[in-house]
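For reference, the structure is listed below as structure tokens.
The values are calculated or read from the model by the stated rules, or taken from the named source; none is laboratory data. Source: prediction; values computed, not measured. Every residue, glycine among them, receives a Cβ derived from its backbone with ideal geometry; neighbour counts consider all protein chains shown.
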Amino acid sequence: MERRKSVEPASVELERFRPYLEFLARAQFDHRLQSKLGPSDIIQQTMLQAHRGLPDHRGENSAQMAAWLRQILARNLAHATRDLHRDKRDVRRERSLQQQLDASSVRLERWIAADGETPSEIADRNERSLRIAEAMAGLPDDQRVALELHYWHGWKLADIANHLDRSSAAVGGLLHRGLKGLRERIAAD
């Protein structure tokens, strides 16, 4: 019973990372696969495995929790991609998924990072990363997708316009409104 009590607060804390994981999963997800599998499926599996693994998790802070969750997410993304492309398996892709997730996390953190940070500033930055992920999750889907494709995947406006079946001017508006909404949501916190 004592062990269960110690896991429950960690379980609540784990849920705070859901928007962060969703953001990372969407950033790394191959949009061509969405007809067969969605990022939400991967997140659900990741959260389930994390909940099961909480009693054995030895992390002491939110940075360690985030790193542990990124490892689970990377493994689940690799397995899902492998299962969908079983005949075209590329082991190099599995190894690089963790690096890509870490890079997405770093891009998110760089967006708000400063040089020469103290441990308390790093903790604040980790908290801001969670708030950014939560704010991104609260944006309308078209704005969120446009921001992710442009800023995290490096897609050009024309490519995003083609993907979303919109004009380049409309995508520019989505990006503008999305950034504005993101800033407003973060400032409101």
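Things to note:
- If the condition is being farther than 22 Å from ARG185 by Cβ, in a helix (DSSP H, G or I), modelled with pLDDT under 85 and aliphatic (A, V, I, L, M), then segment 19-53 contributes only LEU33.
- Segment 140-153 residues that are in the same structural domain as GLY172 (by TED's automatic domain parsing), paired with ones that are of a type in the set (S, T, N, Q) and part of a helix (DSSP H, G or I) (beta carbon under 8 Å, 6 or more apart): TRP152/SER104
- Taking segment 1-18 as the range and being modelled with pLDDT of 65 or more and among the charged types (D, E, K, R) as the test, the residues that pass are GLU13, GLU15, ARG16, ARG18.
- Selection status of TRP68, surrounded by fewer than 19 Cβ atoms within 10 Å (Cβ to Cβ) and either among the hydroxyl-bearing types (Ser, Thr, Tyr) or at pLDDT below 85 (or both): no
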